[in-house]
Amino acid sequence: MTESMKKLVSILRDSSRIVFFGGAGISTASGIPDFRSANGIFSRKLNRNVTPEQAVSHSFFVYNTEEFYDFYKKYLVYPEAKPNDCHTALVRLERMGRLSAVVTQNIDGLHQAAGSKTVYELHGSVHRNYCQRCHAFYDAAYVLGAEGIPRCEKCGGLIKPDVVLYEEGLSDEVVSGAIGAISEADTLIVGGTSLVVYPAAGLLRYFHGKHLVLINKSETQADRQAELVIHEDISRIMKEAVDALEEEGNEK
């Protein structure tokens, strides 16, 4: 076991109110591309003079709805994706009574699919879609199965994903819950995020606990603040750390 892994296991052992703050790098092991890497979603070449960021903006949804949904269905919804070792490791920590919440920038719902109970989805979820006229609920399968623009079966209204698009604000209720969890945490593990998307990245300033851990393949702006920094694959790191913690418990 490396010194970094020993340190991580020690921190987990010392913690009873862990909050995990994660980004797109959490779900790459599940086959979902991240946003800003060379093979990420934002590197896609579109058929017209529109950037991927513009394609997932509120304005584009309103004025170019059919093209919005064409991009959205191709690149933002992955119905076959399954939770990976990071997701399941967090569930195990929660069942141990050590992890109190997950705060995620992801919209794929994989934390809940794995079994996590307390999840704050800062950017919403592809699994929730609502008619803008009558507010009827539709799941991701309905949206994916619709030809062109998905319409409400009840009133014919336009259906919109419950996803925070560019130019839209985060949910006050979700942000408040995330801030509360982070401010009460004794350990904050930040993983799979470059910490460049605001206001989400700004939530780190509410952490005043004992241990700050960063696990990301590349450097982040918060590396200097952390007690422990690991630049490796987070799914492997989290699984190995929780495995070691469980082995310690079984030996007692």
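The values are calculated or read from the model by the stated rules, or taken from the named source; none is laboratory data. The structure displayed is predicted, hence computed values, not measured ones. Neighbour counts are summed over all protein chains in view; Cβ atoms, including those assigned to glycine, are modelled from backbone coordinates with ideal geometry. Ligands, DNA and RNA are excluded from the accessible area calculation, which covers all protein heavy atoms including side chains. Shrake-Rupley method; radii C 1.70, N 1.55, O 1.52, S 1.80 Å.
Before moving on, here are some points about what is shown:
- Members of the range 1-26 found to be part of a loop (DSSP other than H, G, I, E, B), touching an Asp or Glu at 6+ places or on another chain (Cβ under 6 Å) and open to solvent by less than 40 Å² (accessible area, probe 1.4 Å), listed by number: S15
- Residues in the range 215-226 that are touching a residue at least 24 places away in the same chain (Cβ under 8 Å) and open to solvent by 80 Å² or more (accessible area, probe 1.4 Å): K217, Q221.
- Hey, S235 touching a residue at least 12 places away in the same chain (Cβ under 8 Å), in contact with a helix residue (DSSP H, G or I) (Cβ under 8 Å, 6 or more places away or on another chain) and of a type in the set (S, T, N, Q) or not: yes
- Hits in the range 182-225 - residues which are aliphatic (A, V, I, L, M) and at pLDDT below 95: L195, V196, V197, A200, A201, L203, L204, A222
- Boolean, E153 is more than 19 Å from the chain's Cα centre (by Cα) and farther than 16 Å from F21 by Cβ: yes
- Restricting the range 68-114 to residues that are over 23 Å from I11 (Cα atoms) and of a type in the set (K, R), the residue that is most open to solvent (accessible area, probe 1.4 Å): K82
- Across the range 86-127, the qualifying residues are those that are among the basic types (K, R) and more than 15 Å from the chain's Cα centre (by Cα), and the one among them that is nearest to L76 (Cα to Cα) is R92.
- Residue within the range 203-211 that is outside any strand (DSSP E or B), free of Cβ contacts under 8 Å to residues at least 12 places away in the same chain and charged (D, E, K, R) present: yes
- Within the range 54-67, the set of residues being of a type outside the set (D, E, K, R), open to solvent by 10 Å² or more (accessible area, probe 1.4 Å) and in a helix (DSSP H, G or I) comprises Q54, H58, S59, F60, V62, Y63, T65.
- Restricting the range 204-214 to residues that are among the hydrophobic types (A, V, I, L, M, F, W, C) and open to solvent by 10 Å² or more (accessible area, probe 1.4 Å), the residue that is farthest from A29 (Cα to Cα) is F207.
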